[in-house]
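Notes to accompany the following structure.
The values are calculated or read from the model by the stated rules, or taken from the named source; none is laboratory data. This one's a predicted model, so the numbers in the text were calculated from it and none came from an experiment. Neighbour counts are summed over all protein chains in view; Cβ atoms, including those assigned to glycine, are modelled from backbone coordinates with ideal geometry.
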Amino acid sequence: MSMKVSITSGDDFHFYHEELFDPQPKSVFIELRNPASLKVDRDTYNGVVTEYVWVEMPAEVMDQIAKDWLQMRGLG
């Protein structure tokens, strides 16, 4: 069973990883509430499918996410 481990959060965002047996994240997740814009697209070229996701968020949110991520990883 995995557990959500918060890295940072605010009123409209939550950045976290899921801890299974290893406390060091292999993947991270971001939840954004009411993003300014959101676009999902899929492209196929020569039989290869590529998927894209674009999300607009305030720069201050990205600053907070980056700062707290670097601190958690011991890189800041």
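Laid out as a table, the results:
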item: Extreme residue, farthest from residue 7 (Cα to Cα), among residues of the range 20-47 that are of a type in the set (Ser, Thr, Tyr) and in a strand (DSSP E or B); result: 45
item: Flag if residue 50 is among the β-branched types (Val, Ile, Thr), free of Cβ contacts under 8 Å to residues at least 40 places away in the same chain and assigned to a strand (DSSP E or B); result: yes
item: Identity of the residue in the range 7-30, surrounded by fewer than 11 Cβ atoms within 10 Å (Cβ to Cβ) and under 23 Å from residue 57 (Cα atoms), that ends up modelled with the lowest pLDDT; result: 27
item: Residue in the range 5-19 that is under 12 Å from the mean Cα position of the chain (by Cα), farther than 14 Å from residue 72 by Cβ and touching a residue at least 40 places away in the same chain (Cβ under 8 Å) present; result: yes
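The rows are residues; the columns are (1) in contact with a Pro (Cβ under 9 Å, 6 or more places away or on another chain); (2) of a type in the set (D, E, K, R); (3) part of a loop (DSSP other than H, G, I, E, B).
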| position | (1), (2), (3) |
| --- | --- |
| 5 | yes, no, no |
| 18 | yes, yes, no |
| 65 | no, no, no |
| 76 | no, no, yes |
